[in-house]
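Visitor: Sharing a structure here in C-alpha cells format.
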Amino acid sequence: MTRWARLAAAFVLSLVACGAAQYTVMVALGEGQGRRYSVEAFIEVFTPLAVAVVAVTAVFALVIRCGPYAGRLALVLLPVMAAAGTALYITGINSRSPGVGGNVFYAVATVVVFYYLSPCALAIPIHWLMLRRA
C-alpha cells in the first residue's frame, strides 16, 4: 500500500471513528437533559469535526512527507490536545456565575471539549497506526 493510500485510509477510518464517538457523546449528553438528536442535527454538528479531521490529516501528510515522524507527531499532539481540553473545560467551570448569561462560556467550553476535541483526539492514534510504516 502506498503512502497516499494509507493516508486516505487513515482519513476515512478517522472520520468514521470520530463521527461515531461524537454521536455517542451527543446522545449521552443530550439524553440526560431530555433532548433527542436527529440525523440532521448530527450532520450540522459533524461538519466542523470533519474539518478538524482534515486538518489532522493535512498535518500528518506534511510530516510523513518529510520523513517517518508520525510517531513523534502523535506523541506531541495527544498531550497538547489533552492539556488544551483540560484547560478549556476548567476555565469554563470557573467562569460559571448566577444570573443571565452566566453559563455561556461553560456551555461553549463543554461543546468544544466534548463534541469536537475529544472525538478528534481519536484521529491521532488512528493516523499513527496507519502511517507508522509509511
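Visitor: Compute the Cα gyration tensor for segment 3-131, then decide on rounded, prolate or oblate, letting a ≥ b ≥ c be the square roots of its eigenvalues: rounded whenever a/c is under 1.5, prolate when a/b is larger than b/c in the other cases, and oblate in all that remain.
Guide: Working: a/c = 3.10, a/b = 1.68, b/c = 1.85.
Oblate, since a/c reaches 1.5 and b/c is not below a/b.
Visitor: Suppose the chain between VAL27 and ALA82 were pulled fully straight at 0.36 nm per residue; how much longer would it get relative to their current alpha carbon spacing? Each step should come with its number before you reach the end.
Guide: Details: separation 55, 0.36 × 55 = 19.80 nm, distance 2.23 nm.
Separation in residues times 0.36 nm, less the Cα-Cα distance, equals 17.6 nm.
Visitor: Taking R0 as 30 Å, what FRET efficiency do you get between VAL108 and TYR69 from their Cβ-Cβ distance, rounded to the nearest 0.05? Display every interim value, and only then the final one.
Guide: On the way: r = 34 Å, r/R0 = 1.13.
Given R0 = 30 Å and the Cβ-Cβ separation, E is 0.35.
Visitor: Taking the Cα centre of the chain as origin, sum charge times position over the Cβ atoms of Lys and Arg (+1) and Asp and Glu (-1), and report the length of that vector in debye to the nearest 20.
Guide: On the way: 9 positive and 3 negative charges, 108 e Å.
Dipole about the Cα centre, nearest 20: 520 debye.
Visitor: Looking at ALA109, THR91, CYS120, which one has the Cα that reaches farthest to the positive end of the dipole of the chain (charges on Cβ: Lys, Arg +1; Asp, Glu -1)?
Guide: Farthest along the dipole direction, towards plus: CYS120.
Visitor: Considering the chain as a Gaussian network with a 10 Å cut-off on Cα pairs, which listed residue, SER14, SER118, SER97, attains the greatest mean-square fluctuation?
Guide: SER97
Visitor: Related question: Multiply the residue separation of ASN94 and GLU44 by 0.36 nm, subtract the distance between their alpha-carbon atoms, and state the gained length in nm to one decimal.
Guide: Working: separation 50, 0.36 × 50 = 18.00 nm, distance 2.88 nm.
Gain on extension, ASN94 to GLU44, equals 15.1 nm.
Visitor: Averaging sequence separations of C-alpha pairs under 8 Å and six or more residues apart, then dividing by the length of the chain, give the relative contact order as a whole percent.
Guide: Working: 121 pairs, mean separation 58.3, N = 134.
For the chain, the relative contact order is 43 percent.
FYI, it's all coordinate maths here, none of it is from the lab. None of these values were measured; they are calculated from a predicted model. Glycine gets a Cβ as well: all are built from the backbone with ideal geometry, and neighbour counts include every protein chain shown.
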